[in-house]
Amino acid sequence: MGRENKLTGWEAVAAAAVVAGFGLGLFGVYLSMPASDYSFLKLPRTLEELQILRDHLESYTSDYTIQVLVGYCAVYIFMQTFMIPGTIFMSLLAGALFGVFHGVALVVFAATAGASSCFFLSKLVGRPIVFSLWPDKLSFFQAQVAKRREKLLNYMLFLRVTPALPNTFINFASPIVDVPYHIFFLATLIGLIPAAYVTVRAGIALGELRSLGDLYDFQSVATLFFIGIISITPTLMSKTQQDDESKPKLS
């Protein structure tokens, strides 16, 4: 078995320290909340659980806005860092509690921070995990990044806007395939805005949702792909130009 498939003792200790740090941070956020019954607090897994959480948090949001914001960001970043599914419910919750404008800003901030945290965690201990979980996707991603190195920001924007590759995979695999952090950061910050808007807007009418499939109808998905195609057009045009220039010219 190659080195890339092994986690050293030092890497395991470092990962445990990161987990412990996040755990202490979340516990500190919990202690900062006002005394009350928080038995309703849990990560929602269904729309029904999300609606119950929204109903309980609405009064807290108006009376303890800062605490709710800090708690929301801490949980979102924790979930993104450790690839815990369910952030789509957190995005819906942002819309239900804070409205479209503030909700989108909050989701983009928390998602970018969480993706960045995941990026650096993967840089520290991610190589054996990525090789174990997604060997085929990693090979494909690595080849695409190598081909599009000169227009990498456009390609990363395309990936963020469209569901071509899962965001969880992009967060964790990017440092392994040598995507520079500034490219990763900009693509995440800008590229997540369209999907965040769709999800946050749906959260305002949370009671009308019957399933997560209602979030992305044909029009929404087509719009996201259209934006993605626009973002990658400079890369395609550059490749076409390079191919034309490489062809032998007739004298």
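Every number in this text was worked out from the coordinates using simple rules, so none of it is lab data. Please read these numbers as outputs of a predicted model, since none were measured by experiment. Note that each Cβ is placed from the backbone with ideal geometry, even for glycine, and that neighbours are counted across all protein chains shown.
Observations
- The range 3-238: C-alpha gyration tensor shape, a/c 1.5 cut-off, then a/b vs b/c: oblate
- Between Arg45 and Asp136, residue separation times 0.36 nm minus the direct Cα-Cα distance comes to 29.9 nm.
- Under the Karplus curve 6.51 cos²θ - 1.76 cosθ + 1.60, θ = phi - 60°, whole-Hz ³J(HN,Hα) for the range 11-18, x wherever Gly or Pro sits: 5, 5, 5, 4, 5, 5, 5, 5
- As a calculated quantity, the FRET efficiency between Leu24 and Thr65 at R0 = 30 Å, using C-beta atoms, amounts to about 0.80.
- Nearest-0.05 FRET efficiency for Leu186 and Ala146, computed from C-beta distance (R0 25 Å): 0.80
- Cβ crowding within 10 Å ranks His182, His102 as His182, His102, fewest other Cβ atoms first.
- Note on Ile84 and Ser36: the model spin-label points, each 7 Å out from Cα along the C-beta direction, lie 2.0 nm apart.
- Extreme residue, positive dipole direction of the range 1-95, given options Phe89, Ser36, Leu50 (C-beta unit charges): Phe89
- Cα→Cβ-extended label distance, 7 Å offset, between Glu11 and Lys123, nm: 1.6 nm
- Residue ranges 126-137, 26-37, 45-56 sort as 126-137, 45-56, 26-37 when ordered by packing (mean number of other C-beta atoms within 10 Å per residue, highest first).
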